[in-house]
Each structure stands twice: as structure tokens, then as C-alpha cells.
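Structure first, commentary second.
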Amino acid sequence: MLKNPFQVAVTFSIVALVVKLILFYFNLQFNIEYIKYSYMLILLIAIFFGIRSGKIAAQGPTTFGQDFRSGARTASFFALIVGVITYTYYAKIDTEFFPTLKAETIAEYTKSIPELVKEKGLSEAKELVHGKIMNMGIIFTPYSQTMYTLFGLVFLGLFHSAALSFIMRKIAGFK
């Protein structure tokens, strides 16, 4: 059984990697909703098992703080490992993800250019579109995606750790 938060995080980050690779295999990586909801579910389950392993290791009643720390450690370790996986995935495995996403976004911008020129004028529309395209070069990179994933998972993990700690303390029979 999983004895500490790190083992729980490693186990569930491997599950997250497998889910991400399955989505890549079935060419569903451009539907971002799949990965968001998958990571959320995996994170919640990991936090649950992290709190549970903390309760088992304590060999007695635990406080809310102990439960929260166990869940937060699990979520933090999970976020770090998934951050490394995310960077490696976008930098080495799915290298065409961001160029394809940029091309689709630019195609959407070009459809709105005639309306933008009518509203703001040619030079201001040109500046606006150029600025959006330059920002895409910053936002659509493996590094930025890793940072969004890392911070998002840590903050959500802290919140869910508090919520699950509270729920697990209120419902009898969790150990």
C-alpha cells in the first residue's frame, strides 16, 4: 500500500502521464477539456489517498492540520512531477502541439481582421493583431504551459486538501 505522500504522488502522476499519452495516441490532445478534467480527477483521488496514508501512518486520531498537510504534500509532489512530465511531453513528445495551436489561433484572428479594420482603422488593427501574435509566442510554449500547470495544480491541491480534510474528519469511518 502507499505509505507516504510522495509514493501517492508518484503513483498518480504515472496515471496522469498514461492518460496524457492515451489522449495523444487518440489525437485528442487539442481538446484541452479532457486533460483538465482528467488532471482534476486524478488530483482529487491522489489527495484522498495522501490524507488516508497520513491517517494510517499516525496510528491514532489526526487533527485537521495533519490531514491538511498530508493532502497538501501529496498535491505539491504531484504538481512538481506533473510539471516535469508536462514540460517533457510538450518539448519532446508532442512538439507540434503549440505550432498547430498557434496556426489555428492565427486563422481565427484573420477572420476577424476585416471587422477590426472597419472599427479601429488599418494601423491600429495591424498593431493589435501583431501584439496578439507576439503574445502567442510567449504563451504557447512548453515552459509557460508547465508554469500554468504547476501553479494551477498547487493552488487547486491546497484548496481540495482543505476541503477533503474537512469532509474526511466529518464522516466517520475514514482511516
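Quick check on S53: is it surrounded by 13 or more Cβ atoms within 10 Å (Cβ to Cβ), at negative phi and within 19 Å of the chain's Cα centre (by Cα)? Criteria not met by S53.
Taking each residue of the range 21-37 that is without any contact (Cβ under 8 Å) to a residue 60 or more places away in the chain and surrounded by 13 or more Cβ atoms within 10 Å (Cβ to Cβ) and looking for partners that are basic (K, R) and assigned to a helix (DSSP H, G or I) with beta-carbon atoms closer than 9 Å, six or more apart or interchain, yields I35/K20. For the range 137-166, a tally of residues being at pLDDT below 90, among the hydrophobic types (A, V, I, L, M, F, W, C) and surrounded by fewer than 17 Cβ atoms within 10 Å (Cβ to Cβ) returns 2. For I45, the conditions (1) of a type in the set (V, I, T); (2) crowded, with 16+ Cβ neighbours inside 10 Å; (3) in a helix (DSSP H, G or I) all hold with the exception of (2).
Of the helices (runs of 4 or more DSSP H) contained entirely in the range 74-175, those carrying at least 2 residues that are without any contact (Cβ under 8 Å) to a residue 24 or more places away in the chain, over 26 Å from L44 (Cα atoms) and touching a helix residue (DSSP H, G or I) at 6+ places or on another chain (Cβ under 8 Å) fall at 97-120, 122-139. Restricting attention to the range 118-136, does a residue exist that is under 20 Å from the mean Cα position of the chain (by Cα), surrounded by 15 or more Cβ atoms within 10 Å (Cβ to Cβ) and closer than 30 Å to N27 by Cβ? Taking every residue of the range 118-136 in turn, at least one turns out to be under 20 Å from the mean Cα position of the chain (by Cα), surrounded by 15 or more Cβ atoms within 10 Å (Cβ to Cβ) and closer than 30 Å to N27 by Cβ.
The values are calculated or read from the model by the stated rules, or taken from the named source; none is laboratory data. The structure displayed is predicted, hence computed values, not measured ones. Don't worry about glycine lacking a Cβ; one is built from the backbone with ideal geometry, like all the others, and counts go over all protein chains shown.
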